[in-house]
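Working notes for the structure below.
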Amino acid sequence: MQRLKPKSIPSCNKNFIFTAVKDDKRIDGRSSKDFRKLSIGFGLDYGSSVVSLGDTRVMCNITYQIAEPKAVKSCEGLLNIRVDLTASMIHTYEKVVEIMRMIEKNVKDSRCLDLESLCIISGEKVYALETDIIVMNDDGNLPECCSIALLASLSHFKRPDVSVVEDKIKIHSFDERHPIPLNILHYPFCTSFTFFDNSKFVCDPTQAEEQVCDGYLIVGSNIYREITTIHISGKSAITKDVVLNCCQLAIERSKFLTNFVKLVVEQDLKKRSTEGAEIGYAPLIRESSSVLCSYKKEEIELQEVQENYDDDDVIIDLEVAQNTKMYRYASDTVGIGEGRGQNWDFIDEFQENVENDENEDMYIEDEETTNNEDEPDSKAKQFSKRSKNSNKYQEITVEDDLSEEEVQILNPPEFK
Amino acid sequence: MAPKLRDLIITYNNLANPDGSALFCQGNTIVQAYVFGPVDVSNSKERSEKASLFVTFKPKNSYEIRKELYENYIRTVLETIIHLDMHPRTSISVILQEMQDDGCLLSAAVNSACCALLDAGIPMKCMIASVTSCISVDAIQLDPNKEASQKSDGSIVLTFESSKNGIISVTSEGELTFDNIKEAIKLGCLASKEIYDFYHKSMKKRFLINS
């Protein structure tokens, strides 16, 4: 599998994000504590869902196998979680492991799923749930999107009923017996926050914000105000208050998400029970719903837009231009202004020399125009000019050899 | 008898990250295709005369066996139609993600790959359309769903190209007679034209809406 290099963010964009966060503004028009639009769609099979959070899109599929339980937990079913980031092409293996571990910690270790109900014969046969989280598009906040997809799939999934007769197990098809949903005890959702300097933070970061941020915090919490996981990474030093504040926000978000997921699952199961209703992704695509089809950006209301120029963005008028020096750094590189400053003494001397020379040249030229008839004088002067020019040329070459940076200073000919 | 395909729906450019993407829907079979490229390629995989093409088919559940047959089939088909020599020393990656399987998965994957390549603007010689027919004792059925294909004796997947309407790839399963194949080609040829029409219409629709 070929991997791509991650998109580089220009420093102007980086500065823009930083300064905007200070003013509690973001590129997509949200405030720092707003979340993007969330939509969930369910597939044809039980336990397959797609979650779109802004442009981040994650698919989750669950199937089951009958497997042997672990020796230490002989009467518990298995829950295997895999995260697949191949489609976004740029993530390293470490990033995949980090997200996978994050989701596992949040869902498995918080014991939100009643695994004992997945046991068929203690120590011999249990249900093993195979969970695949496939990231289709990454635009930041993957932990939250993945945890929503996983919990939506888990609450949507139904397993077939099973009966044990004389050590023989029989799995009943969905036509024979009603499928059984999983027992979910609570819904722990991850929420991520990214930090910028001065402990400013934003909720639900986009990919650009994640790339330029100083650090990030991922909080897993549920509706009962319990923190199931917390993970801080990056170089920002965050105070206790900020962490507590983030936890508070995460809990509020979890409350919303729990209700939202329960509602959509209920709606979908209701739709399935009514006859003739179309289920699966196909009707969603036909309606071109936001879950699968679009990645249209919501229109931003442009407020407080005014034309103002920074001190740096001075429009150069002719007078200024004439006094501006152009610096030639190499044969094809010319700079205006003080870029790539030089503090070496000999450069200043050299500059003075050049200026003197050019002043004299100008003087000569002026004289030439006035005293055109006086041939011998003008010839002599022309000769002197040439000699001076050749001197200048020599000087430049000498300087060229001396200076390691190969700096030559010239007046722009078009501004004369 | 006019051939009858299931409903075809497509959404182009539905994802932000890839260079081209298409969500192809054939009945209830849905495949999401992503195309990345032409981009840099690692030295070991670089080819000096043409672009390297990578095709990955990803099943819905990763514990399933990787469908290398599908990958090979799609790669050979795409290698014949893409102008790989126009982008030497680069790589073009095509990733096909199964989202729902209701029969004719391979055909849907080939068609979605074509659409995603169109969306990415990769230069191609022609378009391709893949059609699956399943053959039972009494009849031949075009574009079957999963239930029908499981009941049938054999199936044949034909891939047509649009310039000369020739067949560029065939794969079959099960027991087929010579007459069956002849009939399947006849049906598939008609159905492929329907699919080209669909490509044209959907492309037009896409650019009219966006503009």
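Laid out as a table, the results:
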read-out: Exceeding the 21 Å Cα-Cα cut-off - candidates A:K70/A:K108; B:K164/B:K204; A:K73/A:K95; value: B:K164/B:K204; A:K73/A:K95
read-out: CD proxy at 222 nm, helix term only [per DSSP H run n ≥ 4: -39500 (n - 2.57); per residue of chain B; nearest 500]; value: -11000 deg cm²/dmol
read-out: Label-point separation in nm, B:V170 to A:K170, each point 7 Å along Cα→Cβ; value: 4.6 nm
read-out: Carbon and sulfur %, accessible surface of region A:130-210 computed with the full protein complex present, 1.4 Å; value: 49 percent
read-out: Sequence of A:K95, A:K270, B:K125 when ordered by accessible area, the most exposed leading, probe 1.4 angstrom; value: A:K270, B:K125, A:K95
read-out: Extension gain from B:D138 to B:K125, taking 0.36 nm per residue of separation minus the Cα-Cα distance; value: 0.9 nm
read-out: Cα-based helix-to-principal-axis angle, B:105-120 vs chain B, degrees rounded to 10; value: 30 degrees
read-out: In nm, spacing of pseudo-spin labels at A:E68 and A:N183 (7 Å Cα→C-beta vector); value: 2.6 nm
read-out: Three-way shape label, region B:8-210, alpha-carbon gyration tensor, a/c 1.5; value: prolate
read-out: Sequence of A:K25, A:K125 from largest to smallest accessible area, 1.4 Å probe; value: A:K25, A:K125
read-out: Zone of B:Y196's modelled label, taken as backbone nitrogen in region B:1-40 under 20 Å from a point 7 Å along Cα→Cβ; value: B:1-6, B:8-10
read-out: Total accessible surface hidden between B and A, rounded to 100 Å², 1.4 Å probe; value: 3100 Å²
read-out: Heavy-atom accessible surface of region B:8-210: percent carbon and sulfur, 1.4 Å; value: 51 percent
read-out: Sites matching GluC sites (Glu not before Pro) across region A:137-207 that sit in DSSP coil, with at most 16 neighbouring C-beta atoms within 10 Å; value: A:E166, A:E176
read-out: Mean-position separation - Cα centroids, region A:25-63 and region A:217-265, in angstrom; value: 17 Å
read-out: List B:V39, B:V170, A:V261, ordered by accessible area with a 1.4 Å probe, largest first; value: B:V170, B:V39, A:V261
read-out: Simple spin-label estimate for A:T92 and B:N43 in nanometres, 7 Å along Cα-Cβ; value: 2.1 nm
read-out: Reduction of at least 50 Å² in accessible surface, 1.4 Å probe, comparing all protein chains with the chain by itself, residues of region A:1-32; value: A:M1, A:Q2, A:L4
read-out: Backbone N within region B:128-160 under 11 Å of label point (7 Å from B:T177 Cα along the Cβ vector); value: B:137-139
read-out: 1.4 Å probe accessible area per residue over region B:8-210, in Å²; value: 43 Å²
read-out: Listed pairs A:K5/B:K45; A:K105/B:K67; A:K14/A:K240 exceeding 22 Å between Cα atoms; value: A:K105/B:K67; A:K14/A:K240
read-out: Sites matching trypsin sites (Lys or Arg not before Pro) across region B:1-108 that sit in DSSP coil, with at most 12 neighbouring C-beta atoms within 10 Å; value: B:K4, B:R66
read-out: Chain B: most fluctuating residue of B:N145, B:N72, B:N61 per GNM, C-alpha cutoff 10 Å; value: B:N61
read-out: Taking all pairs of distinct alpha-carbon atoms in region A:11-286, Kirkwood radius in angstrom; value: 19.9 Å
read-out: Within chain B, longest stretch clear of exposed GluC sites (Glu not before Pro) (DSSP loop, no more than 15 other Cβ within 10 Å); value: B:65-174
read-out: Those residues of region B:58-94 for which accessible area with every protein chain present is at least 20 Å² below the isolated value (1.4 Å probe); value: B:K58, B:K60, B:N61, B:S62, B:Y63, B:S93
read-out: Highest-fluctuation residue, B:Q150, B:Q97, B:Q141 considered, GNM on chain B with Cα pairs under 10 Å; value: B:Q150
read-out: For region B:8-22, residues shielded by at least 50 square angstrom of accessible area compared with the chain on its own, probe 1.4 Å; value: B:I9, B:N14, B:L15, B:A16, B:N17
read-out: Region A:1-117, accessible area per residue, ligands and nucleic acids excluded (1.4 Å, Å²); value: 48 Å²
read-out: Relative contact order, percent, region B:8-210 [alpha-carbon distance under 8 Å, six or more residues apart]; value: 20 percent
read-out: Nearest 10 degrees, 0 to 90: helix B:68-81 Cα axis against chain B principal axis; value: 70 degrees
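The values are calculated or read from the model by the stated rules, or taken from the named source; none is laboratory data. These numbers come from a predicted model, not from an experiment. Cβ sites come from the backbone with ideal geometry, for glycine too, and all protein chains shown count toward neighbours. Please note that ligands, DNA and RNA were not included when accessible areas were found on the heavy atoms of the full protein model with its side chains. Shrake-Rupley method; radii C 1.70, N 1.55, O 1.52, S 1.80 Å.
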